[in-house]
1. So Lys18 fits all but one of (1) surrounded by fewer than 22 Cβ atoms within 10 Å (Cβ to Cβ); (2) within 17 Å of Phe138 (Cβ to Cβ); (3) within 9 Å of the ligand (Cβ to nearest atom); what number is the exception?
2. Pairs only if they're at least six apart or on different chains, beta carbon under 6 angstrom, first in segment 145-172 and in contact (Cβ under 8 Å) with a residue 40 or more places away in the chain, second hydrophobic (A, V, I, L, M, F, W, C) and not in a helix (DSSP H, G or I); list them, first residue then second.
3. Which numbered condition in (1) over 18 Å from Leu45 (Cα atoms); (2) free of Cβ contacts under 8 Å to residues at least 40 places away in the same chain is the only one that Phe66 fails?
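Read-outs throughout are calculated quantities, based only on the coordinates presented, and are distinct from any laboratory measurement. It should be emphasised that the depicted structure is a prediction, and the values quoted were computed from it without experimental measurement. All Cβ positions, glycine included, derive from the backbone under ideal geometry; neighbour counts span all protein chains shown.
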Amino acid sequence: MILAIDGPAGAGKSTVAKLVASRLGLTFLDTGAMYRAVTLEALRLGLDPADGAACARVAASLKLEFDAQGKLHLDGRPGEPALRSPEVTRAVSQVSAHAAVRELIVAQQQRIAASSRGVVAEGRDTTTVVFPRADHKFFLTASSHERARRRALELGTPQALEQIRADIEERDRKDSTRAVSPLVKARDAHEILTDGKSAEDVAQQLLAIVSGQAREGAR
Ligand code: DC
């Protein structure tokens, strides 16, 4: 079984995907973490994030593995917390825009799904490119104000709200307008606006849709 969840940064995808994966006993697949890993390694090697060929060589040689907790390891080393650093967050849109990088990472994501009982994948193109035939597709959104508020709470920096909001809007713009696999809502995805809802509420909403569709399918 494959559940695919896409949406912009800060819409709550990863918290919701983790909850849904644990309720259904499926593997949580954090696709953004894999692009962050390539970015982290490229920066560590002193490469230019704009250099597609160099970034693709990193994507081809770096060994990426998720542990049982869904945390990503790079050549056997834990990626957290460096994967979430501001330097990586700033450069990842550039690295993930290279077609050659995406081809390699998408193939790995498909291999991970094929070798497990089922996955809950979240990212920007999981409903459109990685798993176009997913059993269930969702598009999670929230206003940029709400997304900035959540990120500021997470970072413990409420005073930086406006800067965080500007960064989020800039990343949305880059993710939605890039030539390769831009962030778009799949035609057959359920759109869910998460403003004012807890992750638990949203997870329940997804699970209700999944079980409703399973009943429909059984008729
Ligand atoms: O979800 P995140 O913030 O960890 O994602 C990091 C970046 O990776 C984000 O700017 C968009 C990119 N990304 C992507 O291009 N495709 C995906 N499937 C997931 C993330």
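1. Unmet for Lys18, out of (1) surrounded by fewer than 22 Cβ atoms within 10 Å (Cβ to Cβ); (2) within 17 Å of Phe138 (Cβ to Cβ); (3) within 9 Å of the ligand (Cβ to nearest atom): (3).
2. Every condition considered, the pairs that remain are Ile168/Ala9; Arg171/Ala9.
3. (2)
Condition check ((1) within 16 Å of the ligand (Cβ to nearest atom); (2) surrounded by 12 or more Cβ atoms within 10 Å (Cβ to Cβ); (3) among the basic types (Lys, Arg)) across all residues:
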| site | (1), (2), (3) |
| --- | --- |
| Ala152 | yes, yes, no |
| Leu161 | no, yes, no |
| Arg171 | yes, yes, yes |
| Asp175 | yes, yes, no |
| Val184 | yes, yes, no |
| Lys197 | no, yes, yes |
